[in-house]
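Rule-based calculations on the coordinates, nothing more; no lab input. Quick caveat, the model's predicted, so the values are computed rather than measured. All Cβ positions, glycine included, derive from the backbone under ideal geometry; neighbour counts span all protein chains shown.
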Amino acid sequence: MSKSKERFVDIGGQAVMEGVMMKSPDAVAVAVRRPDGSIVVDREPYESPARRHRWMGWPIVRGVVNMVSMLAMGMGVLQKSTQMLGVLEEEPSRFEKWLANKLGANIDKVVMGVAGVLAVCLSVLLFVMLPSGVATLAGRAIDNAIVINLIGGVVRIAILVAYIGLIGLMPDMRRIFQYHGAEHKTVYCHEAGLPLTPDNARRFSRLHPRCGTSFLLLVMVISILVGSVADQVIIALTSIEKLSFGLRFVRSLLILPLIAGISYEVLKGLAHSENRCVRALRWPGLMMQHLTTREPDDQMLEVAIASMKAALGTVEDAAPAKQWKPDEAAGTVRAAAE
């Protein structure tokens, strides 16, 4: 791929344990810095669902597909990053060992699966059940569906801000947030067409308009509008006066794919325009990124750059990075020089 074409390719990414994942249209790369100071890189080919099934690339639908695929990919690269670090992980619980034995599955996959289920349950509790409960209570005194959903939305956003703020106090999460900042700076450097070096990347902002943090905020804002419309439709079709907690909870889950699809289209539209109106609309999302990113050091930028080069297919230029390969015999990891 020529340099002129590379500049116009949207590259997405994610911070992982002591590293960064970068996703180009045809590859997913993960780079981590191991305890001995070396950088290891893993690159796998990627084919978007829309290439296999054209309907998955339709507007709105592609946002839902992207949300599901990125959640699955995110869990996968987090597991891979811990393996690539080559450090001893904490002992699995008895339940996890028992479940792995019963399912005949790898213990690492079971641990990540259990963690994923717990994360989903916590997310539903914090961002669906609790706001739905508050909105239901507000509905006893208020008849306006928009105001009721606005209250639920404000509660949801407040929980998100508080949650991110609290986990940001943890040292390990602060380092992940630093790698998140390194990812954004490296993406900016690539988009500017500059050579991928720490000196060049350092000058850019750690706030990026296509960040998942902005997407989360959009989801919560758009849920207020879509939820208000859905409430009116449900009331009209069922002739009930107000939504109960159970009905509001189910409604919130059912319209989530539509909200995700709309949010994706809005985020995509806001990311590639610089007029004043668009900049004002994406400003809240950028401000939220002050919570999820931190200024990285040059070593973190080197890792993000190695991941970017691997995603673009120029891993041979990513020295001193080494290609990571799993050790099938021992279940550990080793770094083999290319």
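General remarks:
- The spacing between the stretch 27-83 and the stretch 165-189, judged by their C-alpha centroids, is 18 Å.
- If you wrap the tightest convex hull around every Cα atom of the stretch 165-286 and split its volume per residue, you get 143 Å³.
- Calculated FRET efficiency for the pair L291/Q232, C-beta based, R₀ 35 Å, to 0.05: 0.55
- Counted residue by residue at 0.36 nm each, then reduced by the alpha carbon distance between them, the extension gain from V278 to R202 reaches 24.8 nm.
- Rounded to two decimals, the Cα-based Rg/Rh of the stretch 60-304, with Kirkwood Rh, is 1.02.
- Proximal charge balance of G63 [Cβ under 10 Å; K/R count +1, D/E count -1]: +1
- If you count Lys pairs in the stretch 60-304 whose Cα atoms are under 26 Å apart, skipping same-chain pairs closer than 8 places in sequence, the total is 6.
- Neighbourhood net charge (15 Å Cβ-Cβ; Lys/Arg +1, Asp/Glu -1) for S273: +1
- Residues whose amide H lies under 5 Å from that of Y46, counting only those 5 or more places away or on a different chain, are A27, V28; hydrogens are built 1.01 Å from N in the peptide plane.
- Contact order, relative form, for the stretch 60-304: 30 percent (alpha carbon pairs under 8 Å, 6 or more residues apart, mean separation divided by residue count).
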